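K.L.:
Can you keep this structure in mind? I'll have questions shortly.
The values are calculated or read from the model by the stated rules, or taken from the named source; none is laboratory data. On a predicted model such as this, the values are computed, not experimentally measured, just so you know. Cβ: placed from backbone, ideal geometry, glycine included. Neighbour counts: every protein chain shown.
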Amino acid sequence: MLEQANGVLQVNGLHVKIKTEQGAHSLIEDIGFELKQGQVLGLVGESGSGKSITCMSLLQLLDRKQTSVEGSIRLNGRELNGLKAEEMRRIRGKEIAYIMQNPMSAFTPVYTIGEQFTETIRTHTSLSKKQALELAAAAMTDMNLTNPSKLMKLYPFQLSGGMLQRVMIAISMCLRPAVVIADEPTTALDVVNQLQVLRQLDRLRTECGTSILLISHDLGVISELADDVSVMQKGRIVETANVFELFDRPRHPYTKQLLDARLTINERP
C-alpha cells in the first residue's frame, strides 16, 4: 500500500482551553501526530487524560463559545481548524467519520434507524433512497447485524447498546472515509462482536486505505489493530512508539504503569 508523503491527517501544536470565570484552563496541550494512508494510530491513557477532547477538537465539535482551539489540523492538506460549521458538516461523515463512545446518545430517538442511516448517506452522495437503503443494509450485514431491513424500521430504544454500537460503526464506515476516529468502539460489545468490529476496521484500512485514530482503554484492542501508539497523560502525549516497541520496551514511567496495570489471565482478584 502506498503512503501519502505528507500524511492524510496532520495535527500540530494542538491546544484546547476552556473558558471559566477564573480564566482559561488548558484541557490538552501541544498535541501533535500524523496519520498516513491505511495507518492505525492507537491513543491510550486513563479517563480524563484528554483522549476524547482531542477527538472532539479534530472534528470541530467543541462549543466555540466555551472553548478555544489553537494549532493546525490538516485533512488531506486542508486546514480544518476554524472552518465554518456548514463546511465542517460537509466534511464530517464523508471524509472524516466518528464512532462515538456512547451509542445510546448517538441517535435521535424520534426517527427510525433506517431514516437516520439513509439521511447520512444521501447528505453526502447522490444516491436515491432505494440505493441508500441497499447500501445501508449491506453495511449492517457486514457488521454481523441480521435482518437489516427489519432493524431499519425500528427506533433506537428498541435496539440494545451493542446493536446500536454496530449500527453506528456501519454508518461511519459505509462511505469509506479517509479517516475514522473511533472512540472506544468496542466498549459495549461482547467478545464475539468485538472481534467482528476489529475485523471490519482492519478491512476498511486494508481495502480502502482508510486511516484510523483508535482510542481505547483496552490495551488488547490496541495491540490487535494499531501500528503505532501514543500515550496521553494530563492532556499531553508523553510517548509515541511502534506498537511492538511500546509494549515490549516502554520508556515513559506512565506508560509502564499502564502496562503493569493490565490483569493477566493467571492473576486472581
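K.L.:
With (1) in contact with a Phe, Trp or Tyr (Cβ under 7 Å, 6 or more places away or on another chain); (2) of a type outside the set (Phe, Trp, Tyr); (3) surrounded by fewer than 20 Cβ atoms within 10 Å (Cβ to Cβ) as the list, and SER160 as the residue in question, which single condition is left unmet?
P.N.:
(1) is the only condition that SER160 fails.
K.L.:
Here are SER68, SER57: which of them is under 26 Å from SER26 (Cβ atoms) and not in a helix (DSSP H, G or I)?
P.N.:
SER68
K.L.:
Condition (residue is assigned to a helix (DSSP H, G or I) and surrounded by 14 or more Cβ atoms within 10 Å (Cβ to Cβ)) applied to the stretch 89-99: is it met by at least one residue?
P.N.:
Checking the stretch 89-99: at least one residue is assigned to a helix (DSSP H, G or I) and surrounded by 14 or more Cβ atoms within 10 Å (Cβ to Cβ).
K.L.:
Do we find that PHE117 is over 26 Å from ARG205 (Cα atoms) and in a helix (DSSP H, G or I) in this structure?
P.N.:
Judged against the criteria, PHE117 is not a match.
K.L.:
Please specify each residue of the stretch 176-195 satisfying the condition of being among the hydrophobic types (A, V, I, L, M, F, W, C) and either buried (at least 18 other Cβ atoms within 10 Å of the Cβ) or at pLDDT 85 or above (or both).
P.N.:
Within the stretch 176-195, ALA178, VAL179, VAL180, ILE181, ALA182, ALA188, LEU189 meet the criteria.
K.L.:
I want to confirm something. Restricting to the stretch 25-38 and keeping residues that are buried (at least 22 other Cβ atoms within 10 Å of the Cβ) and in contact with a helix residue (DSSP H, G or I) (Cβ under 8 Å, 6 or more places away or on another chain), which single residue is nearest to VAL11 (Cα to Cα)?
P.N.:
Only one residue tops the list, namely ILE31.
K.L.:
With the requirement that a residue be outside any loop (DSSP other than H, G, I, E, B), in contact (Cβ under 8 Å) with a residue 12 or more places away in the chain and either in contact with an Asp or Glu (Cβ under 9 Å, 6 or more places away or on another chain) or over 22 Å from LEU9 (Cα atoms) (or both), what does the stretch 169-191 give you?
P.N.:
Hits for the stretch 169-191 are ALA170, MET173, CYS174, VAL179.
K.L.:
Could you pull out the residue among THR67, THR108, THR118, THR112 that is modelled with pLDDT of 90 or more and within 15 Å of CYS174 (Cα to Cα)?
P.N.:
THR118
K.L.:
Still on this structure, I have one more. From the set of residues in the stretch 196-244 that are farther than 25 Å from ASP30 by Cα and among the polar types (S, T, N, Q), which is surrounded by the fewest Cβ atoms within 10 Å (Cβ to Cβ)?
P.N.:
Filtering the stretch 196-244 for residues that are farther than 25 Å from ASP30 by Cα and among the polar types (S, T, N, Q), the one surrounded by the fewest Cβ atoms within 10 Å (Cβ to Cβ) comes out as THR206.
K.L.:
Return the residues of the stretch 207-222 that are polar (S, T, N, Q) and at pLDDT 90 or above; say none if nothing qualifies.
P.N.:
Those that are polar (S, T, N, Q) and at pLDDT 90 or above: THR210, SER211.
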